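Taking it in order: structure first as structure tokens, then the write-up.
The values are calculated or read from the model by the stated rules, or taken from the named source; none is laboratory data. Keep in mind that this is a model prediction, so the values were computed, not measured. Cβ atoms come from the backbone with ideal geometry, glycine included; neighbour counts cover every protein chain shown. Surface areas here come from the heavy atoms of the whole protein model, side chains and all, with no ligands, DNA or RNA. Shrake-Rupley method; radii C 1.70, N 1.55, O 1.52, S 1.80 Å.
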Amino acid sequence: MTSDELFDRVADELIPLGVSTGILFGKRALKVHGKAFACLKGDYLAFKLGEGTPAHTKALALPGSELFDASGKNQPFKDWVAVPRTHADQWLGLAKTALKSLTP
């Protein structure tokens, strides 16, 4: 299964919760109330988890995960963690965690 197909699966699960798909930095993204909380870049899905949170720490500890560098210019976003497709089984849970931080 491709990264795009895996992204679509996550999106399909979250759409009933008010999530929409869109674009962030020219990449496919998941949004709620116009704010992005996940972004697909190649074989990584990045999640806005908040620096220092337990979810951020746990996601960053997954082998191959890294801070999300949307531009590719070594300027990562400290609140975002990019998780490789090898951990796609974690994507939905991480997306739900990121979503919760943006919804009341």
Once you order the gyration tensor axes a ≥ b ≥ c over the Cα atoms, which shape class does the stretch 15-60 get: rounded for a/c under 1.5, otherwise prolate or oblate by comparing a/b with b/c?
oblate
Rounded, prolate or oblate, given the Cα gyration tensor of the stretch 57-104, with a/c below 1.5 counting as rounded?
oblate
Positive minus negative residues near Ala55 (Lys, Arg vs Asp, Glu; Cβ under 13 Å):
+2
Taking 0.36 nm per residue of sequence separation and subtracting the Cα-Cα distance, how much length would be gained by fully extending the chain between Lys78 and Lys58, in nm to one decimal?
5.8 nm
Which value at 222 nm does the chain reach when only helices count, each DSSP H run of 4 or more adding -39,500 (n - 2.57), with the total divided by all residues and rounded to the nearest 500 deg cm²/dmol?
-8500 deg cm²/dmol
Sort Ser3, Ser101, Ser20 by accessible area with a 1.4 Å probe, largest first.
Ser101, Ser20, Ser3
Under the rule a/c < 1.5 gives rounded, and otherwise a/b versus b/c splits prolate from oblate, where does the stretch 11-104 land using the Cα gyration tensor?
rounded
How do Leu62, Leu67 stack up against each other in accessible area, from largest to smallest, with a 1.4 angstrom probe?
Leu67, Leu62
Could you list, in their original order, any pairs among Lys73/Lys100; Lys58/Lys78; Lys35/Lys73; Lys35/Lys96; Lys48/Lys96; Lys73/Lys96 whose Cα atoms are separated by more than 21 Å?
Lys73/Lys100; Lys35/Lys73; Lys73/Lys96
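List the trypsin sites (Lys or Arg not before Pro) within the stretch 47-91 that fall in a DSSP loop (any state other than H, G, I, E or B) and whose Cβ has at most 14 other Cβ atoms within 10 Å.
Lys73
So what's the net charge close to Thr86: Lys and Arg +1, Asp and Glu -1, counting the other residues with Cβ under 14 Å from its Cβ?
Residues close to Thr86 contribute a combined charge of -2.
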Using a 1.4 angstrom probe, figure out how much accessible area the chain has per residue, in square angstrom, rounded to the nearest whole.
56
For the chain, give the percent of accessible area contributed by carbon and sulfur heavy atoms, probe 1.4 Å, rounded to a whole number.
53
